[in-house]
1. If the chain between Trp16 and Gln236 were fully stretched, how many nm would it gain, using 0.36 nm times the residue separation less the Cα-Cα distance?
2. May I ask you to list the residues of the range 30-52 whose amide nitrogen lies under 20 Å from a point 7 Å from Cα along the Cα→beta-carbon direction of Val154?
3. Enumerate the helices in the chain for which the Kyte-Doolittle hydropathy averages -0.5 or more and the C-alpha atoms extend at least 18 Å along the helix's axis, using complete DSSP H runs.
4. Under a GNM of the chain (C-alpha, springs under 10 Å), which listed residue has the highest mean-square fluctuation: Gly331, Gly51, Gly218?
5. In a GNM of the chain with a 10 Å cut-off on Cα contacts, which of Arg189, Arg274, Arg70 has the highest mean-square fluctuation?
6. Given charges of +1 on the Cβ of Lys and Arg and -1 on the Cβ of Asp and Glu, with all other atoms neutral, how large is the dipole of the range 127-246 about its Cα centre, in debye to the nearest 20?
7. Classify the range 43-181 from the C-alpha gyration tensor, please: rounded if a/c falls under 1.5, else prolate or oblate depending on whether a/b exceeds b/c.
8. Could you tell me what percent of the accessible area of the chain is made up of carbon and sulfur, with a 1.4 Å probe and every protein chain present?
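The values are calculated or read from the model by the stated rules, or taken from the named source; none is laboratory data. Fair warning: this is a prediction, and the values are worked out from it, not measured in the lab. When we count neighbours, we look across all protein chains shown, and the Cβ atoms used for this are built from the backbone with ideal geometry, even at glycine. Ligands, DNA and RNA are stripped out before the accessible areas are found, and what is left, the full protein with its side chains, is counted by its heavy atoms. Shrake-Rupley method; radii C 1.70, N 1.55, O 1.52, S 1.80 Å.
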Amino acid sequence: MENTLTRRSGQALLVWGLLVVAANLRASLTGVGPLLDRVQADLGLAPAVAGLLNTLPLLAFAAVSPLVPRLAARWGADQLLGYALVVLTLGIALRWVPTAVGLFAGTVLIGTGIAVGNVLLPSLIKRDFPSKVGLLTSAYATVMGGVAAVASGVAVPISEVAPGGWYTALGCWVLFSLVAVLLWLPQMRAPRRAAQAIRAHRLPWGSGLAWAVTAFMGLQSLGFYVVVTWLPQVFQDNGMSAAGAGWLLFLFQAVAVLTSLAVPGALRWARDQRALATICSAIMLLGYLGLLVAPGSALLWSVVLGLGGGACLVLALAFISLRAQDATVAGALSAMAQSIGYLLAAVGPVIFGLLHTMSSGWQAPITLMCVAAAGQTIVALVAGWGTVHSADGQVPDRVPSPGH
């Protein structure tokens, strides 16, 4: 009885630790956008240089993600995640220093720390809670998105009332990351059985299914970062005020968070995820088509994009665990999917903006998003079914029987 209670309390502490880690994986990023004009003016940054504050973390995700499985095998996944939280904390603290050097150095450290967390969370869930992948993935995606939305909403108010202005608004999240470090310390100290270890594993570049999961992750990431970067400007150019456009961006994120809560039930009900992923991707396509043909219905398309986007994010993260045979393969698949995915996310807003400049309008870039969403809808038919597994050093695909 005592052992059972100890095990349950340990699992509860682990779940809380994972959720608090998730809460730190976006908040330090989404608070930058609303303050970018003030940062640029105070530090005398050129617009292109200021834009790096949004691009550098995504490039760090793409560069660091492939290294995480080997580092986790060397140091242990729990220990590596703890070190990443410390790096994240140092990065946020550096951004409290009102200099360009502190701002950009802190941003690189933040991107590095978050990249490790992005890769490790799906493999840790697969390792410790293999029967609750859908539920916990939805929970951590919801917490991550919800705190990110709050961070973007409170950034300007904090900068207006707190001593230090914008750099306090960016640096205050260090308190939240310190809480995550403290909550994760017991996991760093807890011994793990050898069977639970996440071993080194080469990335599954030769697996068609892994590429489908990667493409789904990349295309939904591309859509999210294009929307949060450009949607307000699209609305403003169609006659909406800046404040109104900002509220619609918040609505998009809020709807996405609420939608993500419904995904676990759908995952339990469905035998596989092909239909669900295809429908949610098609909803994203509908939202982009709506922006293309009826841009005046901004409220409607914000809701539609939120409905599809929230579910697609959870599915993209869940695919990493659901498609992997074990925690080791999940770590390798996570590294592959997130390195390519965030590289697409980094270049997506740039290409979208270039198309807008070249065409002097929004039709060409929004058409590009329609094409991307159509591609995601097709890829979903592959990414929603099957298993990437390891055998004799190879990573073939195992297509399940109808009863799987």
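1. On the way: separation 220, 0.36 × 220 = 79.20 nm, distance 4.03 nm.
Result for the pair: 75.2 nm of gain on full extension.
2. Output list for this probe position: 30-36.
3. Working: long enough: 2-23 (32 Å, 0.62); 47-64 (26 Å, 1.74); 77-94 (25 Å, 1.74); 100-128 (41 Å, 1.25); 133-161 (41 Å, 1.46); 174-189 (23 Å, 1.68); 208-237 (41 Å, 0.99); 242-260 (27 Å, 1.66); 274-293 (28 Å, 1.89); 298-322 (35 Å, 2.24); 327-359 (46 Å, 1.36); 363-383 (30 Å, 1.62).
Result, helices passing both filters: 2-23, 47-64, 77-94, 100-128, 133-161, 174-189, 208-237, 242-260, 274-293, 298-322, 327-359, 363-383.
4. Gly51
5. Arg189
6. On the way: 7 positive and 3 negative charges, 183 e Å.
My answer is approximately 880 debye.
7. On the way: a/c = 2.13, a/b = 1.61, b/c = 1.33.
It is prolate, given that a/c is not under 1.5 and a/b is the larger ratio.
8. Numbers: 11680 of 16820 Å².
That share works out to 69 percent.
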